[in-house]
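Encoded as structure tokens, the structure appears first; notes follow it.
The values are calculated or read from the model by the stated rules, or taken from the named source; none is laboratory data. Only a predicted model underlies this, so the values are computations on that prediction, with no experimental measurement involved. All Cβ positions, even for glycine, are placed from backbone atoms using ideal geometry, and neighbour counts span all protein chains on display. Each accessible area value is taken on the protein alone, full model and side chains, heavy atoms only, with ligands, DNA and RNA left out. Shrake-Rupley method; radii C 1.70, N 1.55, O 1.52, S 1.80 Å.
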Amino acid sequence: VSDEGKQVYEQICQACHMADAKGGGEAGAMIPALANNPRLKDKDYPTIILLKGRGGMPWFTDMLTPAQMAAVLT
């Protein structure tokens with residue numbers, strides 16, 4: 001993980017996906033785990049989610065630069 005990717009995750013992503021990337025929440029408001037998530041094997045899936053959002057997750061095109069998105073995805 002790059003320093004920039006780690007920083008983006010710690011400042012933005014871990015608030016919902018948790019420090020261990022295992023997600024959490026209550027029934028009906030479950031935050032998906034990133035750790036061991038089979039959907040992340042498709043390189044396009046996380047990119048699309050960051051760019052367009054999904055469910056309760058917002059898009060990050062207004063918040064992160066393309067370089068920051070690439071760093072956190074890798």
Query raised in the report: Which one of these does Ala29 not meet: (1) over 11 Å from the mean Cα position of the chain (by Cα); (2) within 19 Å of Lys6 (Cβ to Cβ); (3) aliphatic (A, V, I, L, M); (4) modelled with pLDDT under 95?
Result: (2)
Report summary line: Residues in region 1-47 that are of a type in the set (A, V, I, L, M), under 14 Å from Leu73 (Cβ atoms) and loosely packed, with under 13 Cβ neighbours inside 10 Å total 1
Requested in this report: For region 56-65, enumerate the residues that are free of Cβ contacts under 8 Å to residues at least 12 places away in the same chain and open to solvent by less than 80 Å² (accessible area, probe 1.4 Å).
Outcome: Pro58, Thr61, Thr65
**Report entry** Selection status of Leu50, open to solvent by less than 60 Å² (accessible area, probe 1.4 Å) and part of a loop (DSSP other than H, G, I, E, B)
**Finding:** no
Query - Residue in region 2-22 that is touching a Cys at 6+ places or on another chain (Cβ under 8 Å) and part of a helix (DSSP H, G or I) present - result: no
Query - Ala70 vs. criteria surrounded by 11 or more Cβ atoms within 10 Å (Cβ to Cβ) and in a loop (DSSP other than H, G, I, E, B) - result: no
Query raised in the report: Considering region 28-47 alone, what residues qualify as being touching a residue at least 12 places away in the same chain (Cβ under 8 Å) and assigned to a helix (DSSP H, G or I)?
Result: Pro46, Thr47
Report task. Report, ordered by the first and then the second residue, all pairs with beta carbons closer than 9 Å, sequence separation of six or more or different chains, a first member in region 1-13 that is farther than 14 Å from Leu50 by Cβ, and a second member that is of a type in the set (Phe, Trp, Tyr). Result -> Val1/Tyr9
